[in-house]
1. What is the diffusion coefficient of the range 206-306 in µm²/s, taking the Kirkwood radius over Cα pairs and the Stokes-Einstein relation at 10 °C with a viscosity of 1.306 mPa s?
2. Mind ordering 207-216, 351-360 by average Cβ neighbours within 10 Å, highest first?
3. Given all pairs of different Cα atoms, what value in angstroms does the Kirkwood hydrodynamic radius of the range 26-117 take?
4. First select every other residue whose beta carbon is under 12 angstrom from the beta carbon of G159; then total the charges, Lys and Arg +1, Asp and Glu -1.
5. Which order, highest average first, do 22-32, 254-264, 191-201 follow once you tally other Cβ atoms within 10 Å for each residue and take the mean per peptide?
6. Which is farthest toward the positive dipole end of the range 26-117 among Q41, H68, T53, measuring Cα position about the Cα centre, with Cβ charges +1 (Lys, Arg) and -1 (Asp, Glu)?
7. Expressed in nm to one decimal, what extension gain is obtained for the pair K88 and A110 from 0.36 nm per residue of sequence separation less their Cα-Cα distance?
8. Using a 10 Å cut-off around each Cβ, can you sort W385, W142 from fewest to most neighbouring Cβ atoms?
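Only the coordinates and a few stated rules stand behind these numbers; no lab work does. Here the structure is a predicted model, which means the values were calculated and not measured. Here the Cβ positions follow ideal geometry from the backbone for every residue, glycine too, while neighbour counts run over all protein chains shown.
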Amino acid sequence: MLDPALLRNQTAALAERLATRGFTLDTATLEALESERKEIQKRTQELQNLRNTHSKEIGRLMGAAARHAAAGEHGQAEASKARAEQLKAEVAGFGDELKASEARLDEIRARIEAIALAIPNLPAEDVPAGPDESANVEIHRWGQPRQFDFQVRDHVDLGVPHGWLDAETAAKMSGARFTVLRGQLARLHRALAQFMLDLHTGEHGYEETNVPVIVSAEALVGTGQLPRFEEDLFATRLGEHRRYLIPTSEVPLTNVVREEIVEAERLPLRMTAHSMCFRSEAGSGGRDVRGMIRQHQFEKVELVSIVRPEESEAEHERMTRCAEVVLERLGLPYRRVLLCTGDMGFSARKTYDLEVWLPSQDTYREISSCSNCGDFQARRMQARWRNPATGKPELVHTLNGSGVAVGRALIAVMENYQNADGSITVPEVLRPYMGGAERIA
């Protein structure tokens, strides 16, 4: 959520910056609501102050009446009572107006909050402006794509003949966009996740964390998936309680600091988790229906950092580098891309995508997205840290990134390490997790 002061005082400038993200801010509605809010809030406060003043005076008069009566001063006692009754009548007279003003004020605040929750984060100053991925900027590349002397197969043609990859059986149980993995390919998938966790915890300083895959709506509001992207989520219901399957473990990891004040010496907090993730892919249409590129259920090793505001830019570079090391250790060619304003995720102020080379498609495909969200999520979650310089709580900055998507890493390994006979060479760093096997066939 953006700073409310921006919504109140810089509406036009805010709308201009949001337009670079393809978001149209209804400034007329927002300004009308804010104008009405100020007017009603002023009147409500006047009535509340009047009620409080009258209540204190009524209490004083009733106390005086009791003292006068005890002293036998009945005339003065009756006068105090009469004045108290008069004030009570005045309170009753404006009571209905006060209730109506308070109700309307709550309604206006709720409407403003609903608008605010639907507004994406503002892009950082160094993010290139553009409507879509065509305006993204390549930062660098690593590795040379392998030159094959045989016909390259995609991951489906490599996996299906051996029975390793089975979408038909999965479809019987769950429908489209699910896959059953078997045998050595299932083990290779597990090996990738274990390798990533060991790398991030052993060398990169992240704390391994096991998190729930079912969360509340409040948790998803905190990280920005709700209310705007509900159609992309899978939901559960137990009685009257609605819960959601996580689209990424960014959600529970970031919500670890929800409604917390973190002491300065604990920062930065760096957490990693390997988890199932679930997405309806509501907007994907017919894209990537073949194989495992775009699934309803998939696995990721996620990276989340909670940092001081002045450290978030450096942490963003660090996090992205941690994800790059995964691909370099696996020997997978990739490129880093800075996303433009129109291609960033809702909560991000700046995002780097890592795209891995897929020989079958003769192109790079996203395998990791690392984003700096600034204080956008923290404001929604009320996640703060205590600044030792002031002693006061301030909003933290949150960052998240894939370190990396396990299924897409599996696809990349299969395709880049394929052999003419259909076998797959196991990358050297994964062999300890594969019982020493050098290839699967």
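1. Numbers: Rh = 14.8 Å.
Using the Kirkwood radius from Cα pairs, D works out to 108 µm²/s.
2. On the way: 207-216: 15.6, 351-360: 23.3.
For the peptides 207-216, 351-360, the packing ranking is 351-360, 207-216.
3. Values: mean 1/r = 0.0643 Å⁻¹.
It is 15.6 Å.
4. Numbers: positive: R153, R182, R290; negative: D154, D157, D166, E415.
Local charge sum for G159: -1.
5. On the way: 22-32: 13.6, 254-264: 17.7, 191-201: 20.5.
In decreasing order of mean packing, 22-32, 254-264, 191-201 become 191-201, 254-264, 22-32.
6. Farthest towards the positive end: H68.
7. On the way: separation 22, 0.36 × 22 = 7.92 nm, distance 3.20 nm.
That works out to 4.7 nm of additional length.
8. Numbers: W385 24, W142 14.
Neighbour counts put them in this order, fewest first: W142, W385.
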